[in-house]
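J.: One structure is given below, represented as structure tokens, and several questions about it will come after.
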Amino acid sequence: MKLGTFELHLLSDGTFRLDGGSMYGVVPKMLWQRIDPPDENNRILMGLNSLLIRTGENNILIETGIGNRLEPKSKGIFGVVQPKTLMDRLHMLGVKPEDIDIVICSHLHFDHVGWNTVGDGSGGFIPTFPKATYVLQRAEWEAALHPNIRTKNNYSREHFLPLEEHGLLRLVEGEEEVTDGLRVIPAGGHTEGHQVVKIESDRKTALFLADLVPMTSHIKIPYIMSYDLYPMQTIEAKERILNQALAEEWLLVFVHSPAIGMGYLREREGRWVVETVERVQYD
């Protein structure tokens, strides 16, 4: 779709499943299961969505999905299904890895950076997008390098160390303009250095929400994940950003929605709802 003069392409790396209780934190199951029915293992279906932005000068990729390197046991635990991968989607658009100029990582959890790197054929790893600059908050980089007992299973160094080794890493600190029309904004809570991405062109605005609001079903302010390390920071950032998005009619992009990938926040009968603009395509 068009956003001003920019092209936005919502790209899927498939679906996976996480525990529903963990995804909704303190919200009782009797409430969240009405909007996200769990399977027999209490897991809910989630998307793995990335966003390709064509500005006319740059090809920019936000998030790189879960990748293709999970062991069979892990794929089973997380219920990963990939009719087509992110790389298949890029190929269908005629976009080669070397055509990507900028990759923006909201954070470094394994389900967001799977295609950051690929195997080099000799047991090592190299950046998938060899000419791209990978943009990340310095706080997230430090947190991934020095994880604690709670966070260590969320990070795989093969997903991010090769970026520094090949000179492709750009660490930012706080809100910063990445290139004309694209700005990263810290939205802490989920991780130490979690960030969202604001996209502006011709007086139109879109926001890639990442794990601040992972799915449309998380629009309600108290609906936050137990995975969030700093839940009150999540609530503060979520309330502030969503109120601005509502007032200024920003297009919202959801990283983990399995159905609605993009939409506008609307207020109807005192409740927030998402007006669908684009659904996720898997075939």
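J.: What's the total number of residues in region 60-92 that are buried (at least 23 other Cβ atoms within 10 Å of the Cβ) and not hydrophobic (A, V, I, L, M, F, W, C)?
T.: Within region 60-92, residues that are buried (at least 23 other Cβ atoms within 10 Å of the Cβ) and not hydrophobic (A, V, I, L, M, F, W, C) number 4.
J.: Give all pairs with beta carbons closer than 6 Å in which a residue from region 81-100 that is more than 16 Å from residue 134 (Cβ to Cβ) meets a residue that is surrounded by fewer than 17 Cβ atoms within 10 Å (Cβ to Cβ); count only pairs at least 6 apart in sequence or on separate chains.
T.: Short answer, once both residue conditions are applied: 83/282.
J.: So which of 26, 103, 95, 113 ends up being crowded, with 20+ Cβ neighbours inside 10 Å, in a loop (DSSP other than H, G, I, E, B), among the β-branched types (Val, Ile, Thr) and at pLDDT 95 or above?
T.: After ruling out the rest, the residue left standing is 113.
J.: Given the condition more than 14 Å from the chain's Cα centre (by Cα), crowded, with 19+ Cβ neighbours inside 10 Å, assigned to a loop (DSSP other than H, G, I, E, B) and not hydrophobic (A, V, I, L, M, F, W, C), answer yes or no: does some residue in region 207-216 qualify?
T.: Among the residues of region 207-216, not one is more than 14 Å from the chain's Cα centre (by Cα), crowded, with 19+ Cβ neighbours inside 10 Å, assigned to a loop (DSSP other than H, G, I, E, B) and not hydrophobic (A, V, I, L, M, F, W, C), which makes the answer no.
J.: Determine which member of the set 198, 131 is of a type in the set (D, E, K, R) and under 26 Å from residue 245 (Cα atoms).
T.: The conditions single out 198.
J.: If you take the residues in region 3-19 that are in contact with a Leu (Cβ under 9 Å, 6 or more places away or on another chain) and among the acidic types (Asp, Glu), which one is nearest to residue 94 (Cα to Cα)?
T.: Among residues in region 3-19 that are in contact with a Leu (Cβ under 9 Å, 6 or more places away or on another chain) and among the acidic types (Asp, Glu), the one nearest to residue 94 (Cα to Cα) is 7.
J.: Can I ask one more? When the residues of region 177-195 are narrowed to those that are charged (D, E, K, R) and surrounded by 15 or more Cβ atoms within 10 Å (Cβ to Cβ), which ends up farthest from residue 100 (Cα to Cα)?
T.: Of everything passing the filter in region 177-195, 192 is farthest from residue 100 (Cα to Cα).
J.: Within the group 118, 196, which residue is in a strand (DSSP E or B), out of contact with any helix residue (DSSP H, G or I) (no Cβ under 7 Å at 6 or more places or on another chain) and modelled with pLDDT of 95 or more?
T.: Just one listed residue meets the conditions, 118.
J.: Moving on to the next point. What are the residues in region 217-238 that are assigned to a loop (DSSP other than H, G, I, E, B) and touching a residue at least 60 places away in the same chain (Cβ under 8 Å), if any?
T.: Residues satisfying the conditions are 222, 223, 224, 225, 226, 227, 228, 229.
J.: Something else now. So, in region 267-283, how many residues would count as being touching a residue at least 12 places away in the same chain (Cβ under 8 Å) and not in a strand (DSSP E or B)?
T.: The total comes to 4.
J.: Given the structure, is residue 108 assigned to a helix (DSSP H, G or I), in contact (Cβ under 8 Å) with a residue 24 or more places away in the chain and of a type outside the set (D, E, K, R)?
T.: no
J.: In addition: Could you list, in sequence order, all residues of region 256-266 that are in a strand (DSSP E or B) and either modelled with pLDDT under 95 or within 16 Å of residue 47 (Cα to Cα) (or both)?
T.: Within region 256-266, 260, 261, 262, 263 qualify.
J.: While we're here: I need every pair where a residue in region 239-250 that is touching a residue at least 40 places away in the same chain (Cβ under 8 Å) has its Cβ under 9 Å from the Cβ of a residue that is of a type in the set (S, T, N, Q) and part of a helix (DSSP H, G or I), sequence separation at least 6 or different chains.
T.: Qualifying pairs under 9 Å: 250/244.
Here is a yes/no grid of residues against (1) in contact with a Gly (Cβ under 9 Å, 6 or more places away or on another chain); (2) of a type outside the set (A, V, I, L, M, F, W, C); (3) in a strand (DSSP E or B):
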{"site": "39", "(1), (2), (3)": "yes, yes, no"}
{"site": "45", "(1), (2), (3)": "yes, no, yes"}
{"site": "50", "(1), (2), (3)": "yes, yes, yes"}
{"site": "53", "(1), (2), (3)": "yes, no, yes"}
{"site": "56", "(1), (2), (3)": "no, yes, no"}
{"site": "61", "(1), (2), (3)": "no, no, yes"}
{"site": "74", "(1), (2), (3)": "no, yes, no"}
{"site": "77", "(1), (2), (3)": "no, no, no"}
{"site": "83", "(1), (2), (3)": "yes, yes, no"}
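J.: Filter region 214-255 for residues that are among the β-branched types (Val, Ile, Thr), out of contact with any Ser or Thr (no Cβ under 9 Å at 6 or more places or on another chain) and within 14 Å of residue 27 (Cβ to Cβ) and give the result.
T.: Across region 214-255, the qualifying residues are 219, 221, 234, 235.
J.: Regarding residue 135, is this residue touching a residue at least 60 places away in the same chain (Cβ under 8 Å) and either surrounded by 15 or more Cβ atoms within 10 Å (Cβ to Cβ) or not in a helix (DSSP H, G or I) (or both)?
T.: For residue 135, the condition - touching a residue at least 60 places away in the same chain (Cβ under 8 Å) and either surrounded by 15 or more Cβ atoms within 10 Å (Cβ to Cβ) or not in a helix (DSSP H, G or I) (or both) - is not met.
The values are calculated or read from the model by the stated rules, or taken from the named source; none is laboratory data. It should be emphasised that the depicted structure is a prediction, and the values quoted were computed from it without experimental measurement. Glycine also receives a Cβ, built like all others from the backbone with ideal geometry; neighbour counts cover every protein chain displayed.
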